[in-house]
Amino acid sequence: MNYIPHTELEKKQMLKTIGVESVDDLFKHIPAALRPKSFNIPEGKSEFEVMEHLKILSRKNATNLTDFVGGGFYDHYIPAAVDALAGRAEFYTAYTPYQPECSQGWLQAIYEYQTVICELTGLDVSNASLYDGGTALYEAAMMAVRLSGRKKIIVDSGVSLIYRTMLYAYTSNLSIEFVETPVAHGQACREDIYKHLDEKTAAVIVQNPNFFGAVDDFSDIAERVHKCGALAIASVYPVSLGMLKSPGEMGIDIATGEGQSLGIPLSFGGPYLGFIAVKKEHMRQLPGRIAGATADKDNKRGFVLTLQAREQHIRRERATSNICSNEALCALRALIYTCLLGKSGFYELARLNYQKAEFAKATLDKVTGVKVKRSAPTFNEFTVCLPKNADEVVCSLIDKGFACGFPLGRFYKGLDNYLLVAVTEKRTKEEIVQFANSLEAALCS
Amino acid sequence: MQLIFEKSRPGRKGFALPEIDVPIAPGLAEKYCRKQAAALPEVSELDVVRHFSNLSRLNFSVDTNFYPLGSCTMKYNPKFTEKACALEGFSDLHPLLPQLLGGGMLAQGSLEVLYNTERLLSEITGMYAFTTQPLAGAHGELTGVMLIAAYHKNNGERRKHIIIPDSSHGTNPASAAIAGYNVVVIPTDKDGFLDMNAYKKALNRETAAVMLTCPDTLGFFNPKIKEISDLAHEVGALMYYDGANLNAILGKCRPGDIGFDVIHLNLHKTFATPHGGGGPGAGPVGVCEKLADFLPISRVIRRSDGTFALDYHKHKSIGYIAPFYGNFGVILKAYAYILCLGRSGLIEASENAVLSANYCLSRLKDYYVPAYGKRCMHECVLSAASQLEQGVHALDISKYLIDKGFHPPTIYFPLIVKEAMMIEPTETESKETLDAFIECLIEAALLAKSNPEALHLAPLYMPVKRLDETKAAREPNLRWQ
């Protein structure tokens with residue numbers, strides 16, 4: 001199947017207009033020596049056949065497990081209206097709104113999305129989105145380097161290992177010094193951060209809740225960082241912001257995060273949504289697209305892409321970033337999701353996650369040999385210590401129908417017995433109790 | 001249209017959550033809690049549905065309008081790929097599941113999709129290996145430049161600059177610069193090709209790579225491409241292929257055969273995944289054999305028993321450039337598209353894309369000045385330079401097209417063409433659509449002579465007239481308050 005409408009007659013007419021005999025004539029300036037050495041692709045199939053193949057593949061994935069895995073990516077319920085609206089082809093088959101008059105729908109949606117991100121983070125300015133939480137954190141770090149003119153960055157070990165690894169990969173050819181500070185009693189270690197904080201420091205990066213699930217208030221860190229002329233950057237989990245102190249309230253300069261939890265499917269790692277919001281004074285160093293409100297000739301409100309002098313299509317090698325797109329469709333999903341939940345619903349969602357997780361903590365604590373880490377408060381994810389290797393326990397619970405958490409030994413040496421457990425609003429009391437019972441049984445065997 | 005925030009009514013709700021079914025535990029200490037709730041709108045589900053349905057109607061899109069945006073390949077996006085992506089077995093799969101049971105046995109279906117896609121893209125482009133991880137075209141460029149740096153570093157070299165033509169996409173120099181390289185820009189010669197003298201002068205043992213698009217952004221296939229590639233290799237530089245224009249040459253020539261060492265593709269262009277209003281895209285990167293060890297981790301491998309696994313043990317790898325395996329949902333759609341078109345379908349796609357672009361060029365060349373006056377590949381660049389004599393800009397013509405229901409071509413790019421209009425019709429648009437668009441552009445050219453004011457006033461029939469972009473930049477209003 002191809003999707004080409006031209007009939008043989010039409011092709012002939014077009015070739016005649018062009019003034020050539022055949023389609024091959026249009027390619028004859030490609031030298032014979034450069035023609036493909038092979039092009040061994042299977043012949044095409046019908047839509048039905050391809051769908052059958054994909055259905056078979058989809059059944060080879062284990063998506064029927066009861067999910068307690070988080071690690072920064074969460075199994076939240078997605079209201080049907082999100083799919084219905086983001087699935088409108090007038091949204092998904094459009095492109096970047098370069099021509100504002102025929103893209104007002106997209107531009108207004110981006111402006112509304114920016115407003116939601118500012119409200120959630122308590123900061124002044126958001127861009128139109130970035131690829132994911134990890135690249136957003138990298139962009140924030142580079143912003144801090146540009147704004148401060150310094151090249152040392154302190155990263156709390158509570159920041160997701162995935163994101164830290166990405167940061168180091170991106171900056172491997174730049175002379176940026178990273179210092180990692182340990183987690184103390186579950187939270188960011190002030191003492192170590194302040195020990196390294198100096199006049200060479202561009203930024204301190206923290207995460208809330210951190211990778212182990214611990215909640216923190218970084219107000220004190222932000223204050224100290226500012227005294228040093230550096231910037232405070234926090235990576236945050238947006239659903240937690242229904243309840244938790246916002247980055248803005250803590251005095252954070254740049255907040256970033258992964259927006260997947262706002263109505264975007266897990267989809268094996270993407271597409272996701274990177275968000276970034278900053279204090280107003282840092283606006284002109286933001287990377288990526290930004291939508292702004294303005295007026296037309298009749299003084300009617302309208303929206304455009306703005307502050308483009310920062311961007312690669314104008315500044316080329318002097319641009320703030322090389323990003324040329326955003327995750328518009330994912331940003332739209334996040335916007336629709338947050339609008340459906342609304343002011344009180346978003347708080348209720350956060351509360352529901354917190355309460356379910358607290359119940360899971362209490363329930364798992366009763367399992368013989370299991371110890372829930374309680375050194376710091378948590379939101380909807382927490383760490384438990386098992387009496388044996390977490391990898392093995394996880395494997396045995398898969399047979400019982402549970403994806404019971406993330407075994408921390410996969411990322412951290414010496415944490416082989418630790419399991420990171422996430423509990424979203426989708427998990428019922430019954431599922432949590434069954435999980436605890438299955439865990440008890442697995443540990444006894 | 002009112003903003004969703006302006007439709008908010010205190011106390012109105014749009015969604016019900018399940019009742020709490022667990023005993024209530026004490027809340028968090030006050031110092032961890034926010035004092036001010038996020039001021040999200042308070043609206044009903046119907047409010048939300050109507051708001052976004054009506055917003056969507058304010059956009060031009062491929063499904064509603066001809067969208068010949070040059071360099072963006074706005075071809076038709078088959079509907080069944082959306083359905084495939086929504087299969088629960090794909091959409092609900094947690095990316096950390098391969099970490100739970102040795103070697104990814106819980107994600108065999110998705111790993112197979114990634115593996116097969118990498119193999120298909122390698123064969124289509126003539127590259128040795130692919131990674132699907134980069135999250136967009138520009139992200140692929142950055143990944144590619146990081147691979148180039150890792151390769152030279154491994155050879156004990158720290159090369160300083162990357163050579164880029166002045167006709168390139170802005171992302172090329174931006175990607176090179178943020179990865180730590182200087183950019184050396186090569187001018188375009190009088191025939192519209194890379195200036196070979198300037199190129200030879202710039203090329204030396206400090207050159208890390210040469211970044212090119214082929215066909216280039218003017219829509220031309222450079223017959224000297226092999227010579228350019230050979231010269232680069234002679235000084236130990238690598239050849240980088242910007243795959244934005246691959247839709248012109250499927251089955252006609254392959255970057256790998258020409259000698260390109262690193263290549264990124266834009267799945268949302270050549271492989272028909274939706275552009276989504278600006279993303280998500282996907283920018284897989286392919287490499288020649290000598291660069292394969294540097295590809296980002298994890299790598300998807302096929303074991304001897306036919307199962308698939310993730311390999312993290314690649315000590316030369318540049319590391320993680322994405323949290324997981326790329327924009328899986330986008331990759332899946334491209335995979336479905338390639339299987340559906342198959343060998344002949346892909347070749348026909350390029351043939352018809354080139355046919356349509358040349359048809360547009362032939363019919364328009366008496367009304368607008370073709371850049372460098374040659375036959376084109378999948379897109380053609382015209383200049384409104386002669387219209388400018390009447391005070392009419394490419395921008396005015398674009399706004400006129402909008403009033404007539406056509407999305408304008410890409411304008412003012414490439415930067416080296418005065419009043420540029422870059423038209424990429426793609427293979428999926430019918431002759432009558434092309435004819436109607438051509439007629440409209442001819443009409444605009446005639447109006448430029450007879451009544452330029454009509455073009456200056458356009459658009460008249462859109463939700464807004466021309467917007468004040470200077471005001472937007474000078475008095476930034478970037479959120480509702």
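A compact table of results
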{"item": "Those residues of the stretch A:71-83 which are within 7 Å of chain B (Cβ to nearest Cβ) and not in a loop (DSSP other than H, G, I, E, B), in sequence order", "result": "A:Ala81"}
{"item": "Of all residues making up the stretch B:341-360, the number that are more than 8 Å from chain A (Cβ to nearest Cβ) and over 21 Å from the mean Cα position of the chain (by Cα)", "result": "1"}
{"item": "Unique match (being touching a Ser or Thr at 6+ places or on another chain (Cβ under 6 Å) and assigned by TED's automatic domain parsing to the domain that holds B:Asn172) among B:Ile297, B:Ile416, B:Ile411", "result": "B:Ile297"}
{"item": "Subset tally (residues that are in a loop (DSSP other than H, G, I, E, B) and more than 7 Å from every other protein chain (Cβ to nearest Cβ)) for the stretch A:50-70", "result": "4"}
{"item": "Any hit, the stretch A:185-198, residues being outside any helix (DSSP H, G or I), within 11 Å of another protein chain (Cβ to nearest Cβ) and in contact (Cβ under 8 Å) with a residue 60 or more places away in the chain", "result": "yes"}
{"item": "Flag if B:Arg375 is modelled with pLDDT under 95, outside the structural domain of B:Leu121 (by TED's automatic domain parsing) and not aliphatic (A, V, I, L, M)", "result": "yes"}
{"item": "Residues (hydrophobic (A, V, I, L, M, F, W, C) and either assigned to a helix (DSSP H, G or I) or outside the structural domain of A:Leu420 (by TED's automatic domain parsing) (or both)) located in the stretch A:343-379", "result": "A:Phe346, A:Leu349, A:Ala350, A:Leu352, A:Ala357, A:Phe359, A:Ala360, A:Ala362, A:Leu364"}
{"item": "Matching entry among B:Ser71, B:Ser53, B:Ser91 (being under 23 Å from A:Leu341 (Cα atoms), in contact with a Phe, Trp or Tyr (Cβ under 9 Å, 6 or more places away or on another chain) and hydroxyl-bearing (Ser, Thr, Tyr))", "result": "B:Ser91"}
{"item": "Odd one out for B:Gln390 among (1) closer than 30 Å to B:Phe5 by Cα; (2) more than 12 Å from every other protein chain (Cβ to nearest Cβ); (3) among the polar types (S, T, N, Q)", "result": "(1)"}
{"item": "Odd one out for A:Leu26, checked against (1) more than 7 Å from every other protein chain (Cβ to nearest Cβ); (2) without any contact (Cβ under 8 Å) to a residue 60 or more places away in the chain", "result": "(1)"}
{"item": "Residue that is at the interface with chain B (Cβ under 9 Å from one of its Cβ atoms), part of a loop (DSSP other than H, G, I, E, B), farther than 24 Å from B:Pro296 by Cα and aromatic (Phe, Trp, Tyr), where the choices are A:Tyr95, A:Tyr111", "result": "A:Tyr95"}
{"item": "Identity of the residue in the stretch B:449-481, of a type in the set (Lys, Arg) and more than 7 Å from chain A (Cβ to nearest Cβ), that ends up nearest to A:Asp296 (Cα to Cα)", "result": "B:Arg474"}
{"item": "Test result for A:Val384, free of Cβ contacts under 8 Å to residues at least 40 places away in the same chain, touching a Lys or Arg at 6+ places or on another chain (Cβ under 6 Å) and among the aliphatic types (A, V, I, L, M)", "result": "no"}
{"item": "Filter result (surrounded by fewer than 23 Cβ atoms within 10 Å (Cβ to Cβ) and among the aliphatic types (A, V, I, L, M)) within the stretch B:117-148", "result": "B:Leu120, B:Ala129"}
{"item": "Matching entry among B:Ile397, B:Ile402, B:Ile438 (being in a helix (DSSP H, G or I), closer than 25 Å to B:Ser350 by Cβ and within 14 Å of chain A (Cβ to nearest Cβ))", "result": "B:Ile438"}
{"item": "Check on A:Leu443, more than 13 Å from chain B (Cβ to nearest Cβ), touching a Lys or Arg at 6+ places or on another chain (Cβ under 9 Å), of a type outside the set (Gly, Ala, Ser) and outside any strand (DSSP E or B)", "result": "yes"}
{"item": "Any hit, the stretch B:451-471, residues being closer than 23 Å to A:Glu90 by Cα, polar (S, T, N, Q) and either without any contact (Cβ under 8 Å) to a residue 40 or more places away in the chain or in a helix (DSSP H, G or I) (or both)", "result": "no"}
{"item": "Residues (within 10 Å of chain B (Cβ to nearest Cβ) and closer than 19 Å to A:Val82 by Cα) located in the stretch A:270-300", "result": "A:Gly270, A:Pro271, A:Tyr272, A:Leu273, A:Gly274"}
{"item": "Test: residue in the stretch A:42-49 that is under 24 Å from B:Tyr115 (Cβ atoms), surrounded by 22 or more Cβ atoms within 10 Å (Cβ to Cβ) and at the interface with chain B (Cβ under 7 Å from one of its Cβ atoms)", "result": "no"}
{"item": "Filter result for the condition that a residue is under 30 Å from B:Lys35 (Cβ atoms), assigned to a helix (DSSP H, G or I) and at the interface with another protein chain (Cβ under 7 Å from one of its Cβ atoms), over A:Glu90, A:Glu119, A:Glu101", "result": "A:Glu119"}
{"item": "Options A:Thr320, A:Thr338; residue that is surrounded by fewer than 23 Cβ atoms within 10 Å (Cβ to Cβ) and among the polar types (S, T, N, Q)", "result": "A:Thr320"}
{"item": "Residue match in the stretch B:189-202 (condition: in contact (Cβ under 8 Å) with a residue 24 or more places away in the chain, over 28 Å from A:Leu329 (Cβ atoms), in contact with a Leu (Cβ under 7 Å, 6 or more places away or on another chain) and within 12 Å of chain A (Cβ to nearest Cβ))", "result": "no"}
{"item": "Lone unmet requirement of (1) in a loop (DSSP other than H, G, I, E, B); (2) out of contact with any Leu (no Cβ under 7 Å at 6 or more places or on another chain) for B:Thr433", "result": "(1)"}
{"item": "Qualifying residue in the stretch B:376-393 (condition: under 21 Å from the mean Cα position of the chain (by Cα) and of a type in the set (A, V, I, L, M))", "result": "yes"}
{"item": "Residue check, A:Gly263 free of Cβ contacts under 8 Å to residues at least 60 places away in the same chain, small (Gly, Ala, Ser) and on the phi > 0 side of the Ramachandran plot", "result": "no"}
{"item": "Count - residues of the stretch A:122-139 that are more than 7 Å from every other protein chain (Cβ to nearest Cβ) and either closer than 15 Å to A:Leu174 by Cβ or acidic (Asp, Glu) (or both)", "result": "3"}
{"item": "Counted residues, the stretch B:131-154 - those being away from chain A (no Cβ under 11 Å) and farther than 24 Å from B:Asp311 by Cα", "result": "0"}
{"item": "From A:Leu107, A:Leu65, residue being crowded, with 19+ Cβ neighbours inside 10 Å and over 30 Å from A:Phe406 (Cα atoms)", "result": "A:Leu107"}
{"item": "Among (1) within 22 Å of the chain's Cα centre (by Cα); (2) free of Cβ contacts under 8 Å to residues at least 12 places away in the same chain, the one test that A:Ile56 misses", "result": "(1)"}
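The values are calculated or read from the model by the stated rules, or taken from the named source; none is laboratory data. Keep in mind that what you see is a predicted model, and the values were worked out from it rather than measured. All Cβ positions, even for glycine, are placed from backbone atoms using ideal geometry, and neighbour counts span all protein chains on display.
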